[in-house]
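Structure record follows, encoded as structure tokens.
Computed from the coordinates by the stated procedures, all read-outs in this text should not be read as laboratory data. What you see is a predicted model, and the numbers here were worked out from it, not measured in a lab. Don't worry about glycine lacking a Cβ; one is built from the backbone with ideal geometry, like all the others, and counts go over all protein chains shown.
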Amino acid sequence: MLSLTRFRRAASALALLAATAAFAAPAMAQDAPAPAPAPAEAAPAPLPPETVLAKVGSQEITEADLQAATADLGPQFGQLPPAQQRLAVLSALIDIKALAEKAEAAQLGEDAEVARRIAFLRERALHNAYFEKNGISTITDEELKSRYDAEVAALKPVEEIHAKHILVPTREEAEAAIGELDEGKDFDAVAAEKSTGPTGPQGGDLGFFGPGQMVPPFETAAFALEPGSYTKEPIETQFGWHVIKVLEKRMQEPPAFEEVKDQLRQIVMRDKYIAMVQAAREEENVEYVDPELKTQVEAMEQAMSGSAAGESEAAADAADEAAEPAPASGN
């Protein structure tokens, strides 16, 4: 199942990005408009699969051969424009076939080690082709939407708040700001005048944020406030002293289906692959000659499964940190 924590984090990041976009600083005026980026080079039009592109000795290299090689070699030339990438793959394919001809002439295919390598590569290609046909190509948008609906239904409601703050270096300055607010002065005006954070000119507006997105003292104080109220005592964090005002509270919306569709596809692919290989192992009656080896392999597989789950959460953490603003601080 898709990690609920990860799904919540995605929802939080999307909501935060949407909320803070309105408060982004305007672009600096330029003396002259920046030149428009050069249009990306279009990929060459596909040729009929049987089109012969080159010959290596008696062997022909067709468009179909090139496309097959691109699936394997293309990532090595990913930094090149499409047209140059195509040429680079063709050049590499010519090199491969030229040396393969030499290897055939030297009967290297009869070498036991080379034969094992060829057999492995053949089986890996079959493995990939089988999963492509019976796993990847079977995934439909309806299946992804059904998975999305199930995950959204399983999410626990998470509250988020829309808050502003005034950040100053000392407690005395924060108390003075609270005094002005108590006298009826507008929060935005006090923030614009006194706050040292970059959001000061925007009234200290931090947009919406959820649990875990701000440093603990700030978060605790902010979530304890009712909409329309502000802290009557200064809140200290490592960034200074804060006066916080909450404008609104709401429940976080899950990310839109289209926003997480690719992530869902990867997870569904993973689940299909696991189910497929488990069924294949059972049907083929896998046996280990050495019972100790069986124990070691199973322990390794279990450890890797746990590690993969941990890495997924770590990756989600890293993505959240990249998407979030600095914790209620220098803001």
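Quick rundown of the values:
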| item | result |
| --- | --- |
| Pick from the stretch 191-221, criterion in a helix (DSSP H, G or I) and in contact (Cβ under 8 Å) with a residue 40 or more places away in the chain, ranking: nearest to GLN252 (Cα to Cα) | GLU219 |
| Test set (1) part of a helix (DSSP H, G or I); (2) over 30 Å from LYS133 (Cβ atoms) - LEU247 fails condition number | (1) |
| Residues (surrounded by fewer than 15 Cβ atoms within 10 Å (Cβ to Cβ) and either of a type outside the set (Val, Ile, Thr) or within 25 Å of ILE267 (Cβ to Cβ) (or both)) located in the stretch 151-170 | ALA153, ALA154, LEU155, LYS156, PRO157, GLU159, PRO169 |
| Test: residue in the stretch 259-277 that is among the polar types (S, T, N, Q), out of contact with any strand residue (DSSP E or B) (no Cβ under 9 Å at 6 or more places or on another chain) and surrounded by 12 or more Cβ atoms within 10 Å (Cβ to Cβ) | yes |
| Neighbours by Cβ (under 9 Å, 6+ apart or cross-chain): first from the stretch 139-151, of a type in the set (Ser, Thr, Tyr); second surrounded by 11 or more Cβ atoms within 10 Å (Cβ to Cβ) | TYR148/LEU2; TYR148/PRO254; TYR148/PHE257; TYR148/VAL260; TYR148/LYS261; TYR148/LEU264 |
